Amino acid sequence: MKGLRVIDAHIGSPSHEPPKKISSILRSIEKAGSEYLPFEGMDTTRMKVTEFSKKFLGRDMDWRRVFITNGGVQALSISFLALRNKKLLIPSPAFPQYFDQMSLHYIKYDTYNSMSEDLVNEIISKLSSDVGAVLINYPNNPTGYAPDNSALTDLWDELKKRKILLVNDSAYSQLYFNSKPVVPGDIIVDTFSKTFGVPGLRLGYLYWEAEEVEKVSKIVYLSSAGVSEISQIVLNELIDSASEDYFEKVRDYYKRKRDLISSMLKKEGFVFPEPRGAFYIFASHEKMKSSEELAERLLSRNDTAVGIVPGRAFGSSEKWFRISYGKLPEEDLLDLVRILSEEIDRL
C-alpha cells in the first residue's frame, strides 16, 4: 500500500559503518581486474585474514589453508560439499540456510538445541556413531545467545577425543556484549558482511585446518573460481583499518539497541534467551499460539506494517519468532514493541 510505513525487523542486516569509507578505497585503485587471480584468493589477502584472525579472533592460522570466498554463504556451501560423506549435527534454532544446504547437498543430519545452557552434554548426547562433524554458530542467529567460553573449549576437546570435526560459523564473532568469545574449530567459516557492515561486498573466508584441503581447493575452483580482485583489495584496506577501538564502538552501538528493546519486551511479558551478541532477539509470549499468524497480522496493519520471521524458518516451533534490530532506529524500536503488544493482545 502506497505511503504505508514499514518497520523491517525481518532481514538480518547490519547498519554500522566500516572502519574506512569504501569510496575512498575505490578511488585509490588504479588498476585491477586485468588478470586471472589464484582462485584461493590473493596471497596478500589470505595473509591479511590470518592477521585479522590472530588479532581479533585469537586464532593462529596457516595462510595456505585460508580461502577467500564470496561471502559466508559460499564458505558454508564449500564446507558442506567437502563434508558430504559425513553425517552432521547442526544447531536448531539456526540460520535457515543450514537446513536448506543440507537438503541441497543431500547431507544426513540431526539437530541439537542451540539455546541449551549445558551445551557440551546437549551435543554429546545427540552424537550417533555416524556423525562426523558438528556445526556451531555463536553468537547465534536467530537468538543472539552465546555459551560461556569454557563450554566451547570443552566441546572441542570432547569432539577431538571422538575424532569428530568442529565447524564454527563465526559470522558474529566481533559482535558480542559480554566477554570476548573464543573461536574453536577445525573449520572456520566467517563473513565480513557483519564484521565490517558491508554485506553488499559479499566477502568472507573459509579456514580449513582439517584433512583433505586439496579437495576443498577443487570445490572452491569449481564453485566460483575465486573472488574479484577489487573486492580483495577493499578487504585488505578494511583489515588494515580495523582496531579494537573500532569494534568497541560497533559493539556499544548494538548494545544500546539490545538494552532498549529487551527491557521493553520484558515489560510486555515476552520471554527470550539473553542476547549476548549479534543483533537478534528470539522471543515468545504466553498469549501467542502461532508466530506465523502474528507475522501475518503485523504485515496486514493499515498504519504501520512490521516484518518479523516466524520460528519455523529457523527449525524451531511456531511459539517463537525473530526480531532483527540491527538497522532499526530508536523510534522504530519503541513502535515495534508497542505494535507487537497490541497484536498479541488481539490474538
Per the 1/(1 + (r/R0)^6) rule, R0 = 35 Å and r from the Cβ atoms of ASN149 and ARG256, FRET efficiency to 0.05 is 0.90
Sites GLU268 and GLU296 - FRET efficiency at Förster radius 22 Å, r taken between beta-carbons, to 0.05: 0.65
Taking the dipole about the Cα centre of the range 101-149, with the C-beta of Lys and Arg at +1 and of Asp and Glu at -1, give me whichever of MET102, LEU127, THR143 is farthest to the positive side. MET102
Accessible area, probe 1.4 Å, largest first, for residues LYS215, LYS161, LYS267: LYS267, LYS161, LYS215
Residues of the range 237-281: accessible area per residue at 1.4 Å, in Å²? 45
FRET efficiency, ARG162 to LEU347 (Cβ-Cβ, R0 41 Å, nearest 0.05): 0.35
Evaluate the relative contact order of the range 179-328 (contact order divided by residue number), counting alpha-carbon pairs under 8 angstrom at least 6 apart; express in whole percent. 14
Estimated dipole of the range 86-214 in Debye, rounded to 20 [Cβ of Lys and Arg +1, of Asp and Glu -1, Cα centre]: 200
Counting alpha carbon pairs within less than 8 Å and at least 6 residues apart, what relative contact order, in whole percent, applies to the chain? 26
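Ignoring everything except DSSP H segments at least 4 long, calculate the 222 nm mean residue ellipticity for the chain; use -39,500 (n - 2.57) per segment, divide by total residues, nearest 500.
Working: 12 runs with 136 residues, N = 347.
One gets -12000 deg cm²/dmol as the mean residue ellipticity at 222 nm.
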Excluding ligands, DNA and RNA, the carbon-plus-sulfur percentage of the accessible area of the range 199-319 with a 1.4 Å probe reads 48
Distance (nanometres) between label positions extended 7 Å along Cα→Cβ at GLU330 and ILE11: 2.6
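Quick check for me: using +1 on Lys/Arg Cβ and -1 on Asp/Glu Cβ, what's the dipole size of the range 256-347 about its Cα centre, in debye to the nearest 20?
340
The values are calculated or read from the model by the stated rules, or taken from the named source; none is laboratory data. Predicted, not measured: the structure shown is a model, and the values here were computed from it. Cβ atoms come from the backbone with ideal geometry, glycine included; neighbour counts cover every protein chain shown. Protein only, heavy atoms only, side chains kept; ligands, DNA and RNA dropped before computing areas. Shrake-Rupley method; radii C 1.70, N 1.55, O 1.52, S 1.80 Å.
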